[in-house]
1. Could you list, ordered by first residue, the pairs with Cβ atoms under 6 Å in which the first is in segment 69-82 and within 18 Å of TYR93 (Cβ to Cβ) and the second is small (Gly, Ala, Ser) and modelled with pLDDT of 95 or more, at least 6 apart or interchain?
2. Check SER98, SER122 and return the single one that is in contact with a His (Cβ under 8 Å, 6 or more places away or on another chain), under 23 Å from GLY213 (Cα atoms) and either crowded, with 18+ Cβ neighbours inside 10 Å or not aliphatic (A, V, I, L, M) (or both).
3. Here's a check for you: in segment 195-216, which residue that is in contact with a Gly (Cβ under 8 Å, 6 or more places away or on another chain) and among the aliphatic types (A, V, I, L, M) is surrounded by the most Cβ atoms within 10 Å (Cβ to Cβ)?
4. Quick check, is THR163 of a type in the set (Ser, Thr, Tyr), touching a residue at least 40 places away in the same chain (Cβ under 8 Å), surrounded by fewer than 19 Cβ atoms within 10 Å (Cβ to Cβ) and out of contact with any helix residue (DSSP H, G or I) (no Cβ under 7 Å at 6 or more places or on another chain)?
5. Determine whether segment 166-180 contains at least one residue that is under 29 Å from THR137 (Cβ atoms), among the charged types (D, E, K, R) and free of Cβ contacts under 8 Å to residues at least 60 places away in the same chain.
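The values are calculated or read from the model by the stated rules, or taken from the named source; none is laboratory data. Keep in mind the model is a prediction, meaning the values are calculated, not measured. Neighbour counts run over all protein chains shown; Cβ positions are idealised from the backbone, glycine included.
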Amino acid sequence: MNSPKDNEKNTSRRGFIQDVAAGAAGVAIAGALATLGAPIVAAAQEEKKAESPFFRDPPPWPKGTTGNKYDHLFSTQLKENSITDVVAGPQAYFRGDSDLPGAKINMGWQMFTKPYRLELESHHHDTDEYLFFLGATLPDLVGSFDGEIEYFMGPEYERHVITEATVLYIPAGLEHNPCDIKRLGKPMMFSALQLAPYFNGVYQTMGYMEFKGAPKIK
């Protein structure tokens, strides 16, 4: 004859076995449903992929040809050593004409992790420049910005403080900088885009300076 404790153990053991069986059955059922539903899901994804808010009746997707006529327009050599230890390495940089002959822009991507005086003196370019101050936490590069940057504009050194994700447009000929990254609560993604085949500018103390390329790393 079983004691109350034995009955309690048996009940607990049965419950445990039932839970395991139910779990296994659930996995099996889920697997079967996933297998049956896979074509439906795939079809839905294809349908969604084909949709576009800009093109309601696009032409048939091309099958393409084989060749290397346009190989010279692709560049995969972007990786470079960081300019300083406060930039998480490696950095990415497209050096314009040096990387792709004929290119009319140069652009870099750098992730700053600590405060740093990025520029120490004012300068200007003979082409437009755009500076991007963004957060570095995906997927929200805007909302993840957490810092304070002091930036000076014009010959009168008009002071601006950047405390949110910002795009700064610097027209050709406009004096700008110094730039002091005073505080970073989180890493910051900084990008500079200059509409010139390679980086160049006229600096306050150094005069004209140009930087055409840097060693790439794998």
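1. As it stands, the answer is LEU78/ALA92, since those pairs meet every condition given.
2. SER122
3. Here the residue is ALA196.
4. For THR163, the condition - of a type in the set (Ser, Thr, Tyr), touching a residue at least 40 places away in the same chain (Cβ under 8 Å), surrounded by fewer than 19 Cβ atoms within 10 Å (Cβ to Cβ) and out of contact with any helix residue (DSSP H, G or I) (no Cβ under 7 Å at 6 or more places or on another chain) - is not met.
5. no
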